[in-house]
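Working notes for the structure below.
The values are calculated or read from the model by the stated rules, or taken from the named source; none is laboratory data. Keep in mind it's a predicted model, so treat the numbers as computed, not measured. All Cβ positions, glycine included, derive from the backbone under ideal geometry; neighbour counts span all protein chains shown.
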């Protein structure tokens with residue numbers, strides 16, 4: 001593996017870790033000392049050089065290892081990538097968006113050469129070279145959605161738009177916060193979000209849907225979501241819950257700093273041109289508590305957020321049982337000093 | 001939260017007189033770059049500087065969705081309207097610089113349909129020209145029924161019949177030809193979706209006939225852009241920005257808000273999409289609700305207005321803008 | 001007969017109405033168990049008389065043994081078919097839908113599992129989900145998919161219950177998939193293997 005990418009695992013011996021550079025650019029999701037749901041969408045425009053917002057689709061040091069993990073998840077359970085038949089066109093839209101973005105943003109790693117519909121794609125980190133006919137799925141080893149998302153970090157769902165609603169009808173979901181693509185595929189926006197507590201009553205989904213129905217091509221938006229994960233396990237799926245659930249019960253004050261991770265999702269939304277569908281990339285970033293507390297402001301703030309979160313939300317996010325353990329650990333880094341507004345370290 | 005996508009600076013590449021009522025315009029980007037690909041049924045908003053009055057009219061894209069070299073629209077001349085179509089007909093010439101919005105699709109095909117049944121009246125043909133091209137590329141099943149006044153006014157009849165053969169059915173009013181809608185709707189396979197674009201009467205006729213024959217609402221789709229109606233001048237106050245002004249007879253409320261330098265959201269400018277919905281803080285008088293967006297109850301309550309097409313008569317109108 | 005009252009629930013859980021005569025060229029009814037009564041109630045209405053010559057009823061007795069075939073047969077519709085089970089009726093249902101034209105009205109009555117499977121079949125044939133009229137009658141037993149092994153267990157009355165395919169103890173969520181036509185079952189003792197609370201009869 002090249003020097004650009006870590007040789008690490010997200011299962012078994014869990015050798016995943018963030019370099020100092022990765023910690024520095026980690027998307028800490030709390031702009032203030034408390035947390036409640038909000039729609040909080042902003043334009044997905046390029047950010048500072050080196051930040052996770054620098055490019056449309058961030059490729060970081062975990063890329064190759066994440067793709068290896070995804071291949072293993074799919075080998076174990078092919079149902080993690082599905083596309084209802086009418087969503088193939090949206091799959092081609094997504095393939096084009098990702099290939100063009102990566103070839104433009106990371107020319108030393110990715111190349112796309114087009115001669116009409118004859119396309120030539122080179123992915124150097126994964127050692128893939130593919131000649132294929134755009135819009136002809138028989139010239140690729142997988143459907144367009146699966147082909148390109150086996151080479152792109154983050155989960156992806158594709159939403160068809162009709163009848164003033166968004167329908168989740170295709171996706172690649174192997175790094176999820178405990179929801180099942182296989183069960184949810186085919187659902188409307190509100191059906192798919194039905195199990196989320198509180199947010200529905202707050203009108204969050206009404207506002208978000210109304211906004212997304214008007215999302216325009218060329219004007220993507222982004223927001224953050226977050227949860228907690230014990231051990232750097234990407235695949236926290238309901239399918240495998242009996243396999244990873246017990247890990248929550250074996251954490252101790254001695255191991256929590258190493259085993260407990262904050263899991264942040266950078267969610268972006270893009271209108272796709274041919275299909276009029278919306279793609280929803282959900283990019284997961286993991287950071288272990290002992291990495292996170294190296295930034296004093298983040299340590300103070302995370303302590304306060306976890307302390308004040310309603311139990312209903314902690315239950316939904318799956319960390320209620322370890323909340324006391326987390327607070328004991330984080331409290332030692334909270335000296336009560338005020339924190340500055342915004343995400344950035346002081 | 002803003003939905004603003006960058007606008008497209010274009011130059012008029014071609015103006016074609018299709019017949020005595022219709023002109024076709026082709027736009028290419030000023031910087032020579034590719035246009036965004038679009039989905040059949042999309043429209044763009046064309047910005048016009050009509051001798052100091054800024055007009056922004058929506059037109060369906062009718063070029064091939066995969067043609068990224070340029071966009072084409074067709075404009076029917078409306079002698080009694082506010083002048084947008086007259087401006088396009090009389091003043092827009094090849095070489096002129098104009099500005100288009102990004103394409104937005106408020107009239108998409110249902111990708112799950114087993115068959116697409118398209119019904120067009122007059123200039124309502126334009127979205128279907130792009131949709132048929134797209135469905136054909138995808139290998140989908142479709143049929144067009146196109147009703148128009150006379151052979152002389154039958155824009156694109158020859159071109160469509162030549163290309164799509166028996167899938168295109170044309171009806172000329174002058175020859176007393178009419179779509180036999182009841183027979184047509186009786187024999188469609190399960191999973192067929194209807195799309196209708198044309199005059200208000202035709203849209204209502206198709207919806208009502210389909211409903212009476214047991215078609216589900218969600219299988220019948222229509223698009224009707226309203227031109228902002230002309231009317232009497234009226235005064236309006238904007239509470240948030242602290243501005244007051246008069247809306248002129250041939251100006252829409254939205255255009256007047258923009259002319260006052262206040263930014264207001266919009267997508268279709270034809271009363272269909274809901275984007276420009278604005279809170280009414282005070283209404284001493286009568287709002288002429290001309291949109292397809294607000295429900296009847298909302299219209300009666302007079303607490304919201306769609307400034308792209310609706311007007312006002314009365315003593316005072318104050319908006320939260 | 002009043003319609004079944006359901007507890008307030010989340011937005012993915014379906015709600016049901018009361019069957020009423022629809023306007024259309026043909027009428028397809030699929031019912032199980034007590035669902036037959038909803039069909040009979042519909043045909044008791046005066047405006048339904050002229051529907052009979054264009055109606056097709058597919059009926060199967062309920063899992064609880066309830067069999068109202070005789071009452072349905074006595075309606076005298078154009079086609080009546082009694083199937084021993086929904087699975088056995090599926091090829092017939094698929095053929096009827098494949099041959100149908102727009103204008104067909106679809107009605108489902110009886111248990112949630114039956115109605116969901118009818119709606120799924122109609123949707124696969126091209127009808128919008130909302131176009132299928134549904135009325136709940138009889139048992140509240142649920143059709144539940146195990147999120148772990150993907151096996152569906154029919155007629156679940158207990159919560160938690162044991163998955164009939166993989167043997168895990170599952171609690172039943174209200175989260176409902178119209179595509180799979182089932183509620184979701186999730187392992188209840190995943191975090192603490194062996195700690196399974198006593199089952200309660202939640203869905204009679």
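In the set B:127, B:108, B:103, only one residue is crowded, with 21+ Cβ neighbours inside 10 Å, away from chain A (no Cβ under 12 Å), over 23 Å from residue B:182 (Cα atoms) and within 15 Å of the chain's Cα centre (by Cα); that residue is B:127. If you go through region A:81-119 and keep only what is touching a helix residue (DSSP H, G or I) at 6+ places or on another chain (Cβ under 7 Å) and in contact (Cβ under 8 Å) with a residue 60 or more places away in the chain, you end up with A:81, A:82, A:83, A:89, A:91, A:92, A:94. Scanning region B:287-321 for residues that are assigned to a strand (DSSP E or B) and modelled with pLDDT under 90 yields no hits at all.
Among the helices (runs of 4 or more DSSP H) confined to region C:12-109, the ones with at least 1 residues that are more than 17 Å from the chain's Cα centre (by Cα), free of Cβ contacts under 8 Å to residues at least 12 places away in the same chain and not assigned by TED's automatic domain parsing to the domain that holds residue C:156 are located at C:69-73, C:86-99. Within region B:215-227, at least one residue is out of contact with any helix residue (DSSP H, G or I) (no Cβ under 7 Å at 6 or more places or on another chain), under 17 Å from residue C:25 (Cα atoms) and outside any loop (DSSP other than H, G, I, E, B). In region B:137-172, what residues are in contact (Cβ under 8 Å) with a residue 12 or more places away in the chain, part of a helix (DSSP H, G or I) and either over 23 Å from the mean Cα position of the chain (by Cα) or over 20 Å from residue B:76 (Cα atoms) (or both)? The answer is B:137, B:151, B:152, B:164, B:167.
Scanning region B:66-82 for residues that are surrounded by fewer than 21 Cβ atoms within 10 Å (Cβ to Cβ) and in a loop (DSSP other than H, G, I, E, B) turns up B:66, B:67, B:68, B:69, B:70, B:77, B:78, B:79, B:80, B:81. Criterion applied to B:122, B:139, B:95 was being within 14 Å of chain A (Cβ to nearest Cβ), at positive phi and out of contact with any helix residue (DSSP H, G or I) (no Cβ under 7 Å at 6 or more places or on another chain), and the one residue passing it is B:139. Anything in region C:170-188 that is at the interface with another protein chain (Cβ under 8 Å from one of its Cβ atoms) and not in a strand (DSSP E or B)? List them, or say none. Of everything in region C:170-188, those that are at the interface with another protein chain (Cβ under 8 Å from one of its Cβ atoms) and not in a strand (DSSP E or B) turn out to be C:178, C:179, C:180. Here residue A:174 passes the criteria (1) over 22 Å from residue A:240 (Cα atoms); (2) modelled with pLDDT of 95 or more except the one numbered (1).
Could you count how many residues in region A:88-118 are buried (at least 20 other Cβ atoms within 10 Å of the Cβ) and not in a helix (DSSP H, G or I)? Residues that pass the stated criteria total 1. When the helices (runs of 4 or more DSSP H) confined to region A:168-241 are screened for residues that are more than 8 Å from every other protein chain (Cβ to nearest Cβ) and either crowded, with 20+ Cβ neighbours inside 10 Å or in contact (Cβ under 8 Å) with a residue 40 or more places away in the chain (or both), those reaching at least 2 such residues are found at A:204-213. Here residue C:130 clears all of (1) in contact with a strand residue (DSSP E or B) (Cβ under 8 Å, 6 or more places away or on another chain); (2) within 14 Å of chain B (Cβ to nearest Cβ) except the condition numbered (1). The residues of region B:274-293 that are within 14 Å of another protein chain (Cβ to nearest Cβ) and either over 26 Å from residue A:213 (Cα atoms) or in contact with a helix residue (DSSP H, G or I) (Cβ under 9 Å, 6 or more places away or on another chain) (or both), listed by number, are B:274, B:276. Any residue at all in region B:41-52 that's within 12 Å of another protein chain (Cβ to nearest Cβ), over 30 Å from residue A:38 (Cα atoms) and assigned to a loop (DSSP other than H, G, I, E, B)? Yes: one or more hits.
Looking across region B:173-198 at every residue that is over 18 Å from residue B:21 (Cα atoms) and assigned to a helix (DSSP H, G or I), the one that is nearest to the chain's Cα centre (by Cα) is identified as B:181. Here residue C:121 does not qualify as over 27 Å from residue A:78 (Cα atoms), without any contact (Cβ under 8 Å) to a residue 40 or more places away in the chain and not in a strand (DSSP E or B).
Residue pairs whose Cβ atoms lie under 6 Å apart, separated by 6 or more positions or on different chains, with the first residue in region B:190-210 and away from every other protein chain (no Cβ under 14 Å) and the second surrounded by fewer than 22 Cβ atoms within 10 Å (Cβ to Cβ) and assigned to a helix (DSSP H, G or I), are B:196/B:203; B:198/B:122.
Out of curiosity, is residue A:246 in a helix (DSSP H, G or I), within 14 Å of chain C (Cβ to nearest Cβ) and out of contact with any strand residue (DSSP E or B) (no Cβ under 7 Å at 6 or more places or on another chain)? Spelling it out, residue A:246 is indeed in a helix (DSSP H, G or I), within 14 Å of chain C (Cβ to nearest Cβ) and out of contact with any strand residue (DSSP E or B) (no Cβ under 7 Å at 6 or more places or on another chain).
Tell me the residue from C:167, C:138, C:194 that is buried (at least 22 other Cβ atoms within 10 Å of the Cβ) and assigned to a loop (DSSP other than H, G, I, E, B), please. Answer to the selection: C:138. Going through (1) more than 14 Å from chain C (Cβ to nearest Cβ); (2) over 18 Å from the mean Cα position of the chain (by Cα) one by one, residue A:163 falls short only on (1).
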